[in-house]
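Engineer: Just dropping this structure here.
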Amino acid sequence: MLFMLFMSERETKLYFNVAGLITVISGLLTILSPTSDTIFPFGLDTAILPATNIYSSYWSYIVCLIGFLMIVASKVPALRVPVAIYSTIEKLYFIGMILLIMHQSEFLGTTYKYSLIIYSIICLYGSFYLGQYNRN
């Protein structure tokens, strides 16, 4: 068989560790960024600010927390499903927000295109993990 349909325990741990590390680093970069509160004046329509206000207020702390939980979930199997569900939903929201920003501002859209790619890959793996969970 060319590829396995299910993720092994080793691949599952690798997914949670790598995705958790990427998530923690992206949250820390946002927390440490001196311009985290001034990211939206770059030509964005102010009508979208209520939808993106969560990003500038406390999103980075939630991202760090879920990243740490993903790393812990690699070692504690009972946490994997709830953490994968929350992480996938959180990253889907973030992907939607990036697409909204890309639609509004070309400058910020090109800035976030790599985040969009990375979070899309993490979402696909999280969805794959949730889809194959509890199958025999």
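Engineer: Quick check: is even one residue across the range 38-61 surrounded by fewer than 17 Cβ atoms within 10 Å (Cβ to Cβ) and either touching a strand residue (DSSP E or B) at 6+ places or on another chain (Cβ under 7 Å) or at pLDDT 75 or above (or both)?
Structural biologist: Scanning the range 38-61 turns up at least one residue that is surrounded by fewer than 17 Cβ atoms within 10 Å (Cβ to Cβ) and either touching a strand residue (DSSP E or B) at 6+ places or on another chain (Cβ under 7 Å) or at pLDDT 75 or above (or both).
Engineer: Okay, next question. Only one residue in 97, 7 is at pLDDT 70 or above and not in a helix (DSSP H, G or I), so which one is that?
Structural biologist: From the options 97, 7, the qualifying one is 7.
Engineer: Something else now. Scan (1) surrounded by fewer than 18 Cβ atoms within 10 Å (Cβ to Cβ); (2) within 19 Å of residue 21 (Cβ to Cβ) for the single condition residue 100 breaks and write down its number.
Structural biologist: (2)
The values are calculated or read from the model by the stated rules, or taken from the named source; none is laboratory data. Note that this is a predicted model, so its numbers are computed, not measured. So basically every Cβ, Gly included, is an ideal-geometry build from the backbone, and we count neighbours across all protein chains shown.
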